[in-house]
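Participant: Quick one: this structure, given as structure tokens, is what I'll be asking you about.
The values are calculated or read from the model by the stated rules, or taken from the named source; none is laboratory data. What you are looking at is a predicted structure, and each value in this text was computed from that prediction instead of being measured. Glycine gets a Cβ as well: all are built from the backbone with ideal geometry, and neighbour counts include every protein chain shown. Ligands, DNA and RNA are excluded from the accessible area calculation, which covers all protein heavy atoms including side chains. Shrake-Rupley method; radii C 1.70, N 1.55, O 1.52, S 1.80 Å.
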Amino acid sequence: MEPKEKLEELHKASLEKADEYLKSKGEIGQEHHEKINEAKKEWQAAWNKFLELLIVLEKLEI
């Protein structure tokens, strides 16, 4: 398996585990729900930047 594919699997698993954890904690308030959604958006933005970096490195063959 390519490292990029492995990273994708880890990313997906991390998000799934985070969702499982949140579900195990029961009902959360609206304020916390908004903070969690914002954190997920930031996580996804950081992940996208990381993937862009990998693409650049692939092009440079580093």
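Participant: When you look at residue 59, is it assigned to a helix (DSSP H, G or I), loosely packed, with under 10 Cβ neighbours inside 10 Å and on the phi < 0 side of the Ramachandran plot, yes or no?
Facilitator: Yes.
Participant: Could you please tell me which pairs satisfy a Cβ distance under 7 Å, a separation of 6+ or placement on different chains, a first residue in segment 32-57 that is under 14 Å from residue 22 (Cα atoms), and a second residue that is outside any helix (DSSP H, G or I) and open to solvent by 80 Å² or more (accessible area, probe 1.4 Å)?
Facilitator: Close Cβ pairs (under 7 Å, with a partner that is outside any helix (DSSP H, G or I) and open to solvent by 80 Å² or more (accessible area, probe 1.4 Å)) do not exist here.
Participant: When the residues of segment 25-56 are filtered to those that are of a type in the set (Lys, Arg) and exposed (fewer than 11 other Cβ atoms within 10 Å of the Cβ), which remaining residue is nearest to residue 4 (Cα to Cα)?
Facilitator: Within segment 25-56, the first condition is being of a type in the set (Lys, Arg), and the residues that meet it are 25, 35, 40-41, 49.
From the residues that got through so far, the ones that are exposed (fewer than 11 other Cβ atoms within 10 Å of the Cβ) too are 25, 41, 49.
Values: 25: 32, 41: 21, 49: 14 Å.
Looking at residues that are of a type in the set (Lys, Arg) and exposed (fewer than 11 other Cβ atoms within 10 Å of the Cβ), I get 49.
Participant: How many residues are more than 10 Å from the chain's Cα centre (by Cα) and either open to solvent by 100 Å² or more (accessible area, probe 1.4 Å) or under 14 Å from residue 36 (Cα atoms) (or both) if we restrict to segment 7-24?
Facilitator: Within segment 7-24, residues that are more than 10 Å from the chain's Cα centre (by Cα) and either open to solvent by 100 Å² or more (accessible area, probe 1.4 Å) or under 14 Å from residue 36 (Cα atoms) (or both) number 6.
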